[in-house]
Amino acid sequence: MSGEDQGAGVRGGRAGGAGTRWTQTWLSGARAAGADLGRPGERFGLPESGSGSVAGYGRRLVALFLDWGLSMLVASLLTRVFEWSPSQRSLCTLIVFGVQAWLLTALAGTTLGKRLCGLRIARPDGRPVGLGWAAARALLLVLVVPALVWDRDYRGLHDRAANTVVVHL
């Protein structure tokens, strides 16, 4: 092997004759390294597309912003009625968001933002989420960090803890 061929992998050339750049094996995740992880929702028996398929990041993020905006509106109204300070309004927004995420998920299987985006929260076995699991999910969602860690089925830690998945209506 010539010196030029030996340095190709280090300088960003082809790695090991595989025909891919060496960065694609780790930046693109396990799939690029050859792991067969299946498609999102496959291990739960969910369809690939359409009703009941796993929701992607985009709609979920829009739904989150809609739910947060609604919570801010309610908190703003409460702040004016009770003459709370801005810090109390911020806390109220968080509480309203958590309560609406908990109750609407438990009772309707969706929040207002998710409903407007055509999404719902379901358990893989088809049973309702229920008050207890919805409370655990909402509590972790309010903590933010668990919602930022996702698995191959697009489920955050809050979804994994409550054994839920967000799917299309």
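Taken over the range 117-169, the criterion of being in contact with a helix residue (DSSP H, G or I) (Cβ under 6 Å, 6 or more places away or on another chain), among the aliphatic types (A, V, I, L, M) and part of a helix (DSSP H, G or I) is satisfied by Leu131, Ala134, Ala135, Ala136, Ala138, Leu140, Leu141, Val142, Ala147, Leu157, Ala161, Ala162.
For the range 52-96, give me the residue count where each residue is within 30 Å of Gly41 (Cβ to Cβ), surrounded by 14 or more Cβ atoms within 10 Å (Cβ to Cβ) and hydroxyl-bearing (Ser, Thr, Tyr). Here the count works out to 2. Taking first residues from the range 107-128 that are within 16 Å of Gly69 (Cα to Cα) and partners that are small (Gly, Ala, Ser) and not in a helix (DSSP H, G or I), the Cβ contacts under 9 Å between residues at least 6 apart in sequence or on separate chains come to Lys114/Ala55; Cys117/Ala55.
Quick note: the coordinates plus some simple rules give every number you see, no bench work behind them. Given the structure is predicted, the values throughout are model-derived calculations rather than measurements. All Cβ positions, even for glycine, are placed from backbone atoms using ideal geometry, and neighbour counts span all protein chains on display.
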